[in-house]
Amino acid sequence: MISIGLDIGSVAAKGIMLDSSRQYSVMIPTGWSPRDAGRQLINRLLDSSGYNEVEVDSITVTGYGRIAIKQAARSVTEIRCHARGVAEICPGVSTIIDIGGQDSKVIHIDESGRVLDFAMNDKCAAGTGKFLQVMANALEIDVSELGEAEDLNTKVSINSMCTVFAESEIVGLFARGTPKGGIIAGLHQSVGKRVGSMAKRLGVKEQVAFTGGVAQNQGIRRALEQELGCRIIVPEVCQFTGALGAALIGRE
Ligand code: ADP
C-alpha cells in the first residue's frame with residue numbers, strides 16, 4: 001500500500017509518502033498556486049521514491065489549499081490530520097497546540113488520535129506564523145533565527161494586539177535603541193499569552209505537543225510552557241504532522 005499525504009498550507013506545502021517500510025518527505029513554499037504546489041510535491045515524492053504514479057493507492061490532501069487539488073482522492077480537515085499524525089509519533093499526547101502560517105489551533109485527542117474537541121483562531125494574524133514573519137522582517141532577521149536571538153534579560157512588553165500596530169511598536173522600540181533580543185523576547189511572550197489563553201479556555205490536559213512551523217521556535221515553546229505551567233513536547237517532524245496524518249488516514 002502506497003499512500004501520499006499532502007498538507008497545502010498558507011506558507012509551506014508539505015508532502016509525505018508511506019510505503020510498507022519507508023517514509024519520504026518533501027516541503028516547498030506554497031507560492032501563489034496551491035494546485036501547482038500539490039503537483040510539485042507529488043512529482044518530487046515520486047522522484048525520490050522511484051515509484052510510478054499508477055502504483056500510488058491513495059492521495060489525501062489537507063490544509064487551506066486542499067480544495068484546489070483535483071487529483072486528490074480525498075480531502076480531510078487539518079484538525080483531523082494533525083490529530084492522527086501526532087497520535088502516531090507522540091503516543092500519550094492529549095492536547096495539541098498547532099501554530100501555522102495563518103492560524104493557531106488547540107486540539108484535544110484520545111489515544112487513537114480521534115478528535116475530542118478543538119479551538120481555533122483563524123480570524124486574526126496575531127498569534128500566527130505570519131505575525132512572526134512580519135516582525136522578523138521589521139527586525140531584519142530571518143524568522144528561523146528568532147528563537148536563538150531572544151534575550152530574556154532585556155525583555156520588553158509588546159502592548160499592541162494588532163499585527164499592524166505591533167509592527168509600528170517594535171519599529172519604534174528598535175529606533176529608540178531597545179535591544180533586539182529584548183524585543184524578540186517580548187514578541188514571544190505576546191504570542192505565548194495569546195495562544196496560551198486559547199488553550200486555557202479549552203482546557204490543557206497533559207501531555208501537550210506543539211506542532212506547525214512555529215514549533216521550531218524555542219522561544220515560543222518556552223513562552224507557552226511558562227503561560228501553561230507545563231512541559232511541552234515538540235516532535236522532530238513538527239511541521240509535517242498534518243501531511244503524515246493525511247497519509248495515515250489515506251492508508252487506513
Ligand atoms: P502553513 O501550514 O500555514 O503553511 P506551517 O505550519 O508550515 O504553516 O508554518 C509556517 C510558519 O512557520 C511560518 O509562517 C514561520 O513563522 C514559521 N517557521 C517556518 N520555518 C521556521 C523555522 N525554521 N523556525 C521558526 N519558525 C519557522
Original post:
For the chain, modelled as a Gaussian network with Cα springs under 10 Å, which listed residue fluctuates most, Leu187, Leu228, Leu41?
Top reply: Leu228
**OP:** Please give the contour-minus-distance gain from Ser144 to Phe165: 0.36 nm per residue of separation, less the Cα-Cα distance, rounded to one decimal in nm.
**Re:** 5.3 nm
Original post:
Could you give the length gained on full extension between Ala175 and Asp57, defined as 0.36 nm per residue of separation minus the Cα-Cα distance, in nm?
Top reply: 36.8 nm
**OP:** May I ask you to evaluate 6.51 cos²θ - 1.76 cosθ + 1.60, the Karplus curve with θ = phi - 60°, for each residue of segment 182-195 and list the ³J(HN,Hα) values in order in whole Hz, giving x for glycine and proline?
**Re:** x, 5, 5, 4, x, 4, 4, 5, 5, 5, x, 5, 5, 6
Original post:
How large, in percent, is the carbon and sulfur part of the accessible surface of segment 92-234 at a probe radius of 1.4 Å?
Top reply: 49
Original post:
Can you give the net charge of the other residues whose Cβ lies under 9 Å from the Cβ of Val76, counting K and R as +1 and D and E as -1?
Top reply: +3
Original post:
What is the antiparallel percent of DSSP beta bridges lying wholly in the chain, to the nearest 5?
Top reply: 65
Subject >> Residue-by-residue Karplus 3J(HN,Hα) for segment 164-180, coefficients 6.51, -1.76, 1.60, Hz, glycine and proline x >> reply: 5, 5, 5, 5, 4, 4, 6, 4, x, 4, 4, 5, 7, x, 5, x, 4
Original post:
What is the Cα coordinate range of the chain on the first, second and third principal axes, sorted by size from largest, in whole angstrom?
Top reply: 61, 36, 28
Subject >> Per-bin percent of Cα-Cα distances, segment 27-114 [10 Å] >> reply: 15, 39, 35, 11
**OP:** Wrap a convex hull around the Cα atoms of segment 137-199, take a quarter of its surface area, and give that in square nanometres.
**Re:** 4.3
Subject >> Restricting segment 156-214 to trypsin sites (Lys or Arg not before Pro) in coil, as DSSP defines it, with at most 15 other Cβ within 10 Å >> reply: Arg176, Lys205
Subject >> Amide hydrogen neighbours beyond the local backbone of Thr30, cut-off 5 Å, H modeled >> reply: Ala12, Ala13
**OP:** Within the set of other residues whose C-beta is less than 13 Å from the C-beta of Pro91, count the net charge using Lys and Arg as +1 and Asp and Glu as -1.
**Re:** -2
Subject >> Separation between Cα centres of segment 157-172 and segment 19-55, rounded to whole Å >> reply: 39
Original post:
So who's got an amide H within less than 5 Å of the one on Thr211, skipping anything under 5 residues away but keeping other chains? H placed 1.01 Å off N, in plane.
Top reply: Ile97, Asp98, Ile99
Original post:
From the phi of every residue in segment 233-239, what ³J(HN,Hα) in whole Hz does the Karplus formula 6.51 cos²θ - 1.76 cosθ + 1.60 yield, where θ is phi - 60° and glycine or proline is x?
Top reply: 8, 10, x, 4, 9, 4, 7
**OP:** Net charge near Lys205: determine it from the other residues with C-beta under 11 Å of the C-beta of Lys205, scoring Lys and Arg +1 and Asp and Glu -1.
**Re:** -3
Original post:
If amide H atoms are built 1.01 Å from N in the plane of the peptide, which residues on other chains or at least 5 residues away come under 5 Å of the amide H of Ile59?
Top reply: Ile4, Ala73, Arg74
Original post:
For the chain, what number of Lys pairs, 8 or more residues apart or on separate chains, have alpha-carbon atoms under 21 Å from each other?
Top reply: 16
**OP:** Using a 1.4 angstrom probe, figure out how much accessible area segment 92-234 has per residue, in square angstrom, rounded to the nearest whole.
**Re:** 46
**OP:** Would you mind classifying segment 92-234 by shape? Square roots of the alpha carbon gyration tensor eigenvalues, ordered a ≥ b ≥ c; an a/c under 1.5 is rounded, otherwise it is prolate if a/b is larger than b/c and oblate if not.
**Re:** prolate
Original post:
Taking a 1.4 Å probe, which of Val171, Val11 shows the most accessible area, and what order do the others take after it?
Top reply: Val171, Val11
**OP:** Filter the GluC sites (Glu not before Pro) in segment 59-165 to those in DSSP coil with at most 12 other Cβ atoms within 10 Å of their Cβ, and list the result.
**Re:** Glu111, Glu140
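The values are calculated or read from the model by the stated rules, or taken from the named source; none is laboratory data. Quantities reported herein were computed from a predicted structural model and do not represent experimental measurements. Cβ sites come from the backbone with ideal geometry, for glycine too, and all protein chains shown count toward neighbours. The accessibility values were calculated without ligands, DNA or RNA, using every heavy atom of the protein model including side chains. Shrake-Rupley method; radii C 1.70, N 1.55, O 1.52, S 1.80 Å.
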